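This report refers to the structure that appears directly beneath it.
The values are calculated or read from the model by the stated rules, or taken from the named source; none is laboratory data. Source: prediction; values computed, not measured. Here the Cβ positions follow ideal geometry from the backbone for every residue, glycine too, while neighbour counts run over all protein chains shown. Keep in mind that these areas ignore ligands, DNA and RNA; they rest on the heavy atoms of the full protein, side chains included. Shrake-Rupley method; radii C 1.70, N 1.55, O 1.52, S 1.80 Å.
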Amino acid sequence: MTKKITITIDGQKIETEEGRNLVTVAQEKGIFIPSLCYYEHIDPPLGTCRVCTCNINGRPGPACMAKTAEGMEVEVYKPELENTRKAIVEMMFSEGNHFCPACEKSGNCDLQHMGYEMGVAHSRFPHLFKDRLIDFNPKRMVIEHNRCVKCRRCVEEVLTDDKKQVFSFQNRGNETVVGIDYVQEAKLSEAQALAAMNICPTGAILVRGKSMAKPFGDRRFDMTSVRKEEPKIFAQMTKGNDSFEKKTIATISLAGCFGCHMSMLDIDLGLLDLIELVDFDKSPLNDIKEFSKNCDIGLIEGGCCNSENIEVLREFRKKCDLLVTVGECAIWGGLPAMRNTIPLGECLEEAYLNCLTCETGEYIIPHGEELPKILDKVYACNEIVEIDYHIPGCPPTANHIWKAVKNLLWGEQFSILYSEFKYD
Amino acid sequence: MGTENNLQPKKRTELLNCLWAFQNQHGYIRDEDVAACSQALGMSQVEIEGVLSFYHFFHRQPAGQFTIYLNNSIISECKGFERVKEAFEKETGATFGGLDPSRQFGLFETACIGLSDQEPACLINFYPFTNLNTLKVKSIIAQLKQGADPADICDEVPDNLRHVPQADKAIYFRPYHPGAALQKLKDFSPESLIEEITRSKISGMGGAFYPTGKKWELCRQQPASPKYIACNADEGEPGTFKDRVIMNALPGLMLEGMIIAGYAVGSAHGIIYLRAEYTWLKPKLDMAIDQFYRMNLLGKNVAGINGFDFDIHIQLGAGSYVCGQETAMLNSMEGKRGEPRTRQFFPTEKGYLGLPTVVNNVETFCAAARALELGADYFLNTGHPDFPGTKVLSISGDCRLPGIYEIEWGTSVKEVLELCQADDPHFIQLSGPSGECISMKEIDRKIMKGDLPCGGSFMIFNKHRDLLDIMMNFTEFFKSESCGVCTPCRAGNFIVQRKLEKIAKGLAYTTDFDDLREWGKIMRMTSRCGLGKAATQSLLMALDKFPDYFNSKVDNQKEGLNKEFDLDRAVAEYERFTN
Ligand code: SF4
Ligand code: SF4
Ligand code: SF4
Ligand code: FES
């Protein structure tokens, strides 16, 4: 006998029963409250991630921990709250080491999904690049500590038949990791192991041989938003003007792979329009090596891994009115930043002195006047210069690049579809 | 293995004690000890490891015949921490975080050990050594090398009781006769006792100020049993040491408070959760407990009241600040990781082992005992009309008379500064790092709920102390003491620390301060418990109250589209490798 009650979410009256979970109730009514650690079957809810922060009866708190009660007033979509929830997701990206393009879970990952839904193009927080291990010891699983968001689902839910924990938090503070018990893990059945992998919202728990995601396009969060109304990310800034003067664009690939430049070429027929309307100045696309004048837009691929990158990036900042980072590497370091958790010395030794093809004593670490110097870590472009706009993806979709460039040049309103916003 | 089997825990609640026993026996917890606990409790090893790795006094590697914990709190830092640290390294041949080659000495840093009135201080095998300097360190290490026992050469810790209100206003520090309060117990029914406590307006002295009478009443009404009385003797807020002094000077008063609470709510079991930093106080408490049993103030038919049985035992913590948070403490008492619980239930409803539990701190129990002894009217006659009673302050830092001050609520900051002879105060950190930062413009404000509520820590800093250093010390503290369960606190403190490092390097812009404000607010809004909510509070206050200082940290000329970047530093490692 559950009591019928009425609650209000963002002004909308909702009839439901007393004592139900707020996130679930909202979801049934088509109101999306972001959540990550919340898992219907765990009671009481874990309340660890804080992604679901809403105002509940006027006070900020996690929606997943709230039970419906008569007269409850909930605010979900208020700019301050949206910003706060977004910040929490950004914190997770900054805290872990999330290289989505190289992740088995990409496309099926709840963290990534939250990033897409909220339009997290870059993190306002510095990436911490804490060195973390990958645990290959368990018989059947691999634990990727770089990706764990400490949601605690596995700790609570993954038990052996004799009710022993397979996972448990170890240490505390920012040293907290999820530890796995090798003995207990070996006792899990295949199905239980797979269930553990699936309960993990990120790619931290993998079962060997079973972890590869489905092909692109078939994965859970690839193409469509869970929201009734698809989120649209509008360019926050429109510095362009509507004069018909021909505009100039410069592009560069710093510590990147040229994948983003390939994606620029993927604009396809748009490219034909584009060259009608703009001139390309310094760019690998036309092999012009020096700036000939000030440009309207600079598109930057890649982060900064050596002293030359820094110089070039600074020159771009001076010469371009608007600077846009294109792709994950430029935005926060991307795949080259995998080295950021390892001391530079070790990287150099591994690459030049101890690698398989090296003969002892025969190789040296390249250096010389004419060579740029390697930085202690890969820096995101916005650590070096101000960046005006970020286009995420590895590489970004051609559509996103094209829409953004058009907007920046002519101030056209534009919106990015869910399926055009990607980290991989 | 014969003897070791005796150490095996029979119940989960004994886990911490067992881990202590193993560690005391071998100097660290060995693989086989973990296995033994896991076997005995039917838990997986990873869960045992999870518990022990939460507490920083548990070691999984040998920690030396002499394990030295040097306090790295801000007061210690001000009083010469760095020099003392160097001296320890020089004399022992070990570096902090590890052992010397002969494995005789292990050096570790630890957060505040409750000796802020005599810093720098350290614990050696959990015995206190205070007022350290280079010479003293040299002599201590020399003695240890010659086979001295730390128990014999440790310092006598003075109480430094500096101020008590005039005779008819003092509550805590006044003559104490064991049993004085309990004698009166038989005149009260549980209901009338709670009535008396409520009338005296006692509230939680930890800083939350929850009315004690109300808390007891909530617990009394619970149908579930047994019920528990838990005494929070885990004062970990840096700069606090009042409970140390109260337990040293008035252990019986605290016990009486617990017994009274037991009578009021219908509980027969009291547990004192004592922080491991105060292990050296445990014999004193044990003695007091023994004496109470002998005087029939504990045990069966306590204080001659038929059918009222009460016993008290001590549970030692193992090094974790967040365990001072009541639900974290309950988890720790149950032999779990000391993570705060979610706020589904009050401990009075579901506390220790899921049963109704009253959690109060040392000072509150003492106040309750005095309320019974002296009567509620006495209380109402002290302190501020709106907020009666007195408060025990732990004063440390830049003043001539650091120590313990019992003041009436409503005393102004200025009066306190005069009492402790602070000649050149520049700012005051009230209630520890998670409290408030007070500038000299505010010294007429009153210490009491409604103006400046205070948990007990009162740290004074003069002009020569660098505000940024202090804030960085606090941030490091929160970063390492966060339980790690929720995102904003676990990651947030780490992120804030990076930002402060950037400011310290001189690479900051005014926008970096705006970032700190925004981020601090997000942490406050979203953190799961008080630690994360309060972690950036002082920093944000300092930004507002000392704008000139922080503005001096940025050079506004630099601001432009190209950011400050230290290229030389960034290529230094490469240069080193290729030269
Ligand atoms: S897909 Fe998810 S778990 Fe994998 S790297 Fe990206 S955010 Fe992290
Ligand atoms: S391993 Fe996965 S399920 Fe476990 S805490 Fe980490 S993110 Fe959550
Ligand atoms: S705020 Fe969160 S991480 Fe910090 S101590 Fe509390 S529960 Fe733990
Ligand atoms: S979903 Fe609510 S705190 Fe994680």
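Per-residue shielding of A:178-186, expressed as the average number of other chain Cβ atoms within 10 Å of the residue Cβ, stands at 4.
Based on protein heavy atoms only, region B:257-301 ends up with 35 Å² per residue of surface accessible to a 1.4 Å probe. Once a ≥ b ≥ c are taken as the square roots of the eigenvalues of the Cα gyration tensor of region A:247-410, is the result rounded (a/c under 1.5), prolate (a/b larger than b/c) or oblate (a/b not larger than b/c)? Note, shape of region A:247-410 comes out prolate.
Between region A:142-198 and region B:242-307, the alpha-carbon centres lie 41 Å apart. The dipole here belongs to chain B: it is taken about the Cα centre, uses +1 on the Cβ of Lys and Arg and -1 on the Cβ of Asp and Glu, and is about 880 debye.
Buried surface between chains A and B: roughly 5400 Å² of accessible area, summed over both sides, computed with a 1.4 Å probe on protein heavy atoms only. Out of every Cα-Cα pair that region B:66-153 contains, those further apart than 15 angstrom amount to 51 percent.
At a threshold of 50 Å², the residues of region B:341-381 that become less accessible to a 1.4 Å probe in the full protein assembly than in their chain on its own are B:Q344. Interface burial in region A:337-355, defined as at least 30 Å² less accessible area with all protein chains than with the chain alone at a 1.4 Å probe, covers A:L344, A:G345. Relative contact order for region A:4-77: 39 percent, from Cα pairs under 8 Å spaced at least 6 residues apart, divided by residue count. Rounded to whole Å, the principal axis extents of the Cα atoms in chain B read 84, 63, 47, largest first. Computed in the context of the full set of protein chains, the accessible area of chain B at 1.4 Å probe radius has 48% of its extent on carbon or sulfur. Carbon-plus-sulfur accessible fraction, region A:86-207 (probe radius 1.4 Å, protein heavy atoms only): 53%. Listed by chain and number, the aspartates and glutamates whose C-alpha is less than 20 Å from the C-alpha of B:K145, apart from same-chain residues fewer than 8 away, are B:E86, B:E89, B:E91, B:D100, B:D155. Assuming a viscosity of 1.002 mPa s and a temperature of 20 °C, what translational diffusion coefficient in µm² per second does Stokes-Einstein assign to the protein assembly as shown, Rh being the Kirkwood radius over Cα pairs? The calculation lands on 69 µm²/s. For region A:4-77, a crude dipole built from +1 on the beta carbon of Lys and Arg and -1 on the beta carbon of Asp and Glu, taken about the Cα centre, is about 160 debye to the nearest 20. Cross-link pairs exceeding 29 Å in C-alpha to C-alpha distance, out of B:K215/B:K479; A:K289/A:K406; A:K3/B:K201; A:K377/B:K85, comprise B:K215/B:K479; A:K3/B:K201; A:K377/B:K85.
As a length-normalised measure over Cα pairs under 8 Å and 6 or more apart, the relative contact order of chain B settles at 13 percent. Projected onto its three principal axes, the C-alpha set of region B:2-52 covers 22, 18, 17 Å, listed from the longest axis down.
The separation of region A:267-305 from region A:49-65, counted between C-alpha centres, amounts to 45 Å.
Ellipticity at 222 nm from helices only: DSSP H runs of n ≥ 4 in chain A, each -39500 (n - 2.57), divided by the residue count, give -7000 deg cm²/dmol. Each listed q (0.15, 0.22 Å⁻¹) maps to a log10 I(q)/I(0) for region A:4-77 from the Debye sum over equal C-alpha point scatterers, namely -0.41, -0.93. Here region B:424-476 and region B:179-196 have alpha carbon centers that stand 39 Å from each other. Legend: mean number of C-beta atoms from other chains within 10 angstrom of residue C-beta atoms, peptide A:41-51, equals 4. Both radii are taken from the alpha-carbon atoms of chain A; with Rh as the Kirkwood radius, Rg/Rh is 1.01. Each stretch of four or more DSSP H residues adds -39500 (n - 2.57); spread over every residue of chain B, this sum gives -12500 deg cm²/dmol at 222 nm. Over region B:476-551, the ratio between the Cα radius of gyration and 2.2 N^0.38 Å evaluates to 1.06. Per-residue shielding of A:59-72, expressed as the average number of other chain Cβ atoms within 10 Å of the residue Cβ, stands at 1. Over chain A, Cα pairs under 8 Å with separation of 6+ residues give a relative contact order of 14 percent.
The dipole here belongs to chain A: it is taken about the Cα centre, uses +1 on the Cβ of Lys and Arg and -1 on the Cβ of Asp and Glu, and is about 1300 debye. Split the accessible area of region A:247-410 by element, probe 1.4 Å, and carbon with sulfur accounts for 54%. Highest mobility in the GNM of chain A, judged by mean-square fluctuation with C-alpha springs under 10 Å and restricted to A:A196, A:A186, A:A250, is found for A:A186.
Given region B:392-462, report the % of alpha carbon pairs whose separation exceeds 18 Å.
That fraction is 23 percent.
Across region B:403-518, Cα-Cα pairs farther apart than 21 Å form 48% of the total. Remark: region A:4-77 carries 42 Å² of accessible area per residue (probe radius 1.4 Å; ligands, DNA and RNA excluded).
Accessible area per residue for region A:86-207, computed on protein heavy atoms with a 1.4 Å probe, is 31 Å². Taking the Kirkwood radius as Rh and the Cα radius of gyration as Rg, region B:94-200 has a ratio of Rg/Rh equal to 1.22.
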